[in-house]
Amino acid sequence: MTFYNVKMSEAIIYLDDDKEKEVQLLDLDEMEFLEFKQLHVDQDFVYEMFGSDGKTHHFCSIKLKAKSFKLKWNEFTEDAWYV
């Protein structure tokens, strides 16, 4: 996914003890998306993505405010497409 004119971003990992840890977007490794939300706010959109971090296997989320995004499929395995 490529996001354009990003104005805000945050990434959170939800730890086993029910605590949240804010991390850098690049700290999330091969995130498996389970849910994607888009909300129109003024001239922009707020995108919320929820899923599982491939490195820690913890539930995680990403929230971005941006003008738009482009989705490209880049790899197909036996049972899934990867972005």
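Each value in this text was obtained by applying a stated rule to the coordinates, not by laboratory testing. From a predicted model like this one, the values you see are computed outputs, not experimental measurements. Backbone-built Cβ (ideal geometry, glycine too); neighbour counts: all protein chains shown.
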(Q) Just to verify a result, which residue in region 38-67, among those that are among the charged types (D, E, K, R) and over 10 Å from the mean Cα position of the chain (by Cα), is farthest from Lys7 (Cα to Cα)? (A) Lys55
Q. Taking strands (runs of 3 or more DSSP E) that fall entirely within region 15-69, which contain at least 2 residues that are aromatic (Phe, Trp, Tyr) and in contact (Cβ under 8 Å) with a residue 40 or more places away in the chain?
A. none
